[in-house]
1. Right, residue 5: under 21 Å from residue 127 (Cβ atoms), of a type outside the set (Asp, Glu), surrounded by 12 or more Cβ atoms within 10 Å (Cβ to Cβ) and modelled with pLDDT of 75 or more or not?
2. Tell me which residues, restricted to the range 137-156, are closer than 18 Å to residue 14 by Cβ and either open to solvent by 70 Å² or more (accessible area, probe 1.4 Å) or acidic (Asp, Glu) (or both).
3. Between a residue in the range 127-146 that is farther than 12 Å from residue 157 by Cα and among the basic types (Lys, Arg) and any residue that is open to solvent by less than 70 Å² (accessible area, probe 1.4 Å) and at pLDDT 95 or above, which pairs come within a Cβ distance under 7 Å, given they are 6 or more apart or on different chains?
4. Take the range 79-97 and flag every residue that is open to solvent by 40 Å² or more (accessible area, probe 1.4 Å), touching a residue at least 40 places away in the same chain (Cβ under 8 Å), in a loop (DSSP other than H, G, I, E, B) and of a type in the set (S, T, N, Q).
5. Which condition number in (1) in a loop (DSSP other than H, G, I, E, B); (2) among the charged types (D, E, K, R); (3) modelled with pLDDT of 90 or more is the one that residue 152 fails?
6. For the range 30-87: of the residues being among the aliphatic types (A, V, I, L, M) and over 23 Å from the mean Cα position of the chain (by Cα), which is modelled with the lowest pLDDT?
7. Restricting to the range 98-131, give me the number of residues that are outside any strand (DSSP E or B), open to solvent by less than 20 Å² (accessible area, probe 1.4 Å) and more than 16 Å from residue 79 (Cβ to Cβ).
Amino acid sequence: TLPSAGNAILSIAWVAGQNSNDGGMGGSVLFAGVADGTIRRYDCNTSRVLGTISTGSVLSSSKDSTSISYRWNSTLRMTVENRGLQEATKVWALAALSDGTVVSGDSLGHVQIWDGMSGTMTQTFDHNESGADVLCLAVSDDENKIFAGGIDPRVQCI
């Protein structure tokens, strides 16, 4: 279970952990697009435990008598611009690349690229002239192309 984001989670993207040789989630990163106009980063930490564990952990059995505990920690918060509007920008779509780069699509019609380690926005694109919502994202297998679609009747390759 993830720690509370304090608002509705509208989209998620996952990057598999490089240290997850045990077949579990260790070292994985989850990004959540939240209705308050933020993108949250959650890191999965693992530990071996004997006996009872605290709430918020996920258990997986191991070959010996211990269990592996997976605990998600909120480590970063990225804020999406709202152009001075009183209502928060909705992060409808997220994609995460293998290097930790995050791509977001939002209710202002933006596709934005973020450094998932520092939380810095590195690029922004207008999906359409009307500012219509971006509702979905897809990334090519080689991670060189990003496709965005939304309320308007087209798919754009970025």
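1. So residue 5 does not fit the description; no.
2. Looking only at the range 137-156, we keep the residues that are closer than 18 Å to residue 14 by Cβ, and these are 137-141, 143, 146.
Within the range 137-156, 141, 143 qualify.
3. Cβ pairs passing all conditions: none.
4. 82
5. (3)
6. First, the residues of the range 30-87 that are among the aliphatic types (A, V, I, L, M): 30, 32, 34-35, 39, 49-50, 53, 58-59, 68, 76, 78, 80, 85.
Then drop every residue that is not over 23 Å from the mean Cα position of the chain (by Cα), which leaves 49-50, 53, 68, 85.
On the way: 49: 59, 50: 57, 53: 47, 68: 70, 85: 82.
Across the range 30-87, the extreme among qualifying residues is 53.
7. Count: 4.
The values are calculated or read from the model by the stated rules, or taken from the named source; none is laboratory data. Since the structure is predicted, the reported quantities are computational estimates derived from the model, not experimental observations. In this analysis, Cβ positions are derived from the backbone assuming ideal geometry, glycine residues included, and neighbour counts consider all displayed protein chains. Side chains are part of the model used for accessible areas, which takes the heavy atoms of the whole protein and leaves out ligands, DNA and RNA. Shrake-Rupley method; radii C 1.70, N 1.55, O 1.52, S 1.80 Å.
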